[in-house]
Amino acid sequence: MTDAARDPTYVESRRRLGFVTLLYLYGSLFVVAAIVLIPLLTTALGGFKALGDLRVNPFGLPAEWQWANYWDILASVRYWRMLGNSLLIAVMTVAMTVAVGAMAAFAFAHIRFFGANFLLNYFLIGLMFPIATAILPLFIRIRDLGLLDSYFGVVLPQVAFGLAMSILLFRNFFRNVPHELFEAAFMDGSGYIRFFWYVTLPLSRPILATVAIVSFVNSWNNYIMPLIMLNSQEKFPWPLGIMIYQGEFSTAWQLVLAFITLTILPTVIVFFAAQKHIVAGLTAGAVKG
């Protein structure tokens, strides 16, 4: 131990620095948590208020708890139908995004072929363009394919725009699968397909969970694509259900807030339940060694 380390003044200064650092970290976490949680709590509490109370007291506790706001929505057949439509669209989007993205990323990670880098960059260009920029050509293409007012008219564009991120995440993970496993599998007579199915996928559960959850949340909250592609109210997902409470001259904002709270609650629960897998999938392969 050095003389400086034995100095009481040095030890005290180090202790104060550690305390200040800890205070700064916890303070930052508190601010970030408040930024995230306050809108959620305000939305949930707003669903328990009457319209007049919501206008004069948007952030406080309800003057009188209006439990009927939530109960009327839960008792509505339309709400559960929209929830079912959202679930169906999200599950189809997740299944296709994970399947296509994993296979494409495996090819980019382990198979060398002419034009691989060009094709990969072509896919990754999709990260630069939001859905809104391509909504007109997408609408024309979906119309020409005869998929307007169908679930696939919403699912296929969502999968297309989700492939860029999924391929990027999958490829980074697959490239860190030990090369020795690859060589051993080929020595045993395994091909690319068997190695992908029996070796790569079982080792890729964290990144599979990450891509699946991100795709699910994006699909669940997507508004513009169902708005453009769907016409039948029987096929509307929950984001379009908010229009039910909007009249020509007024909007029942307390019911809108209650509806939003009930419909985002499943994704919040899924996200918190699977956050360990999300973090593991995003950090896997970040450090090689």
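The values are calculated or read from the model by the stated rules, or taken from the named source; none is laboratory data. Everything quoted here is computed from the prediction, not taken from an experiment. Cβ atoms come from the backbone with ideal geometry, glycine included; neighbour counts cover every protein chain shown. Just the protein is used for accessible areas: all its heavy atoms, side chains included, with ligands, DNA and RNA removed. Shrake-Rupley method; radii C 1.70, N 1.55, O 1.52, S 1.80 Å.
Tabulated results
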| read-out | value |
| --- | --- |
| Unique residue being touching a Ser or Thr at 6+ places or on another chain (Cβ under 8 Å) and among the small types (G, A, S) when the list is G162, G153 | G162 |
| Single unsatisfied condition, A132 versus (1) of a type in the set (A, V, I, L, M); (2) in contact with a Leu (Cβ under 8 Å, 6 or more places away or on another chain); (3) in contact (Cβ under 8 Å) with a residue 60 or more places away in the chain | (2) |
| Residue list for region 120-136, filter: open to solvent by less than 70 Å² (accessible area, probe 1.4 Å) and aliphatic (A, V, I, L, M) | L120, L124, I131, A132, A134, I135 |
| Number of the exception - W65 against (1) part of a loop (DSSP other than H, G, I, E, B); (2) open to solvent by less than 40 Å² (accessible area, probe 1.4 Å) | (2) |
| The one condition in (1) under 26 Å from V91 (Cβ atoms); (2) surrounded by fewer than 21 Cβ atoms within 10 Å (Cβ to Cβ) that V211 fails to fulfil | (2) |
| Complete set of residues in region 137-156 that are open to solvent by 40 Å² or more (accessible area, probe 1.4 Å), under 20 Å from the mean Cα position of the chain (by Cα) and among the aliphatic types (A, V, I, L, M) | L156 |
| Search result, residues across region 157-194 that are without any contact (Cβ under 8 Å) to a residue 24 or more places away in the chain and either buried (at least 19 other Cβ atoms within 10 Å of the Cβ) or under 14 Å from A102 (Cβ atoms) (or both) | I193 |
| Which listed residue is open to solvent by 50 Å² or more (accessible area, probe 1.4 Å), more than 30 Å from S150 (Cα to Cα) and not assigned by the TED database to the domain that holds V155, from L54, L40 | L40 |
| Residue in region 239-247 that is at pLDDT 85 or above and either buried (at least 16 other Cβ atoms within 10 Å of the Cβ) or assigned to a helix (DSSP H, G or I) (or both) present | yes |
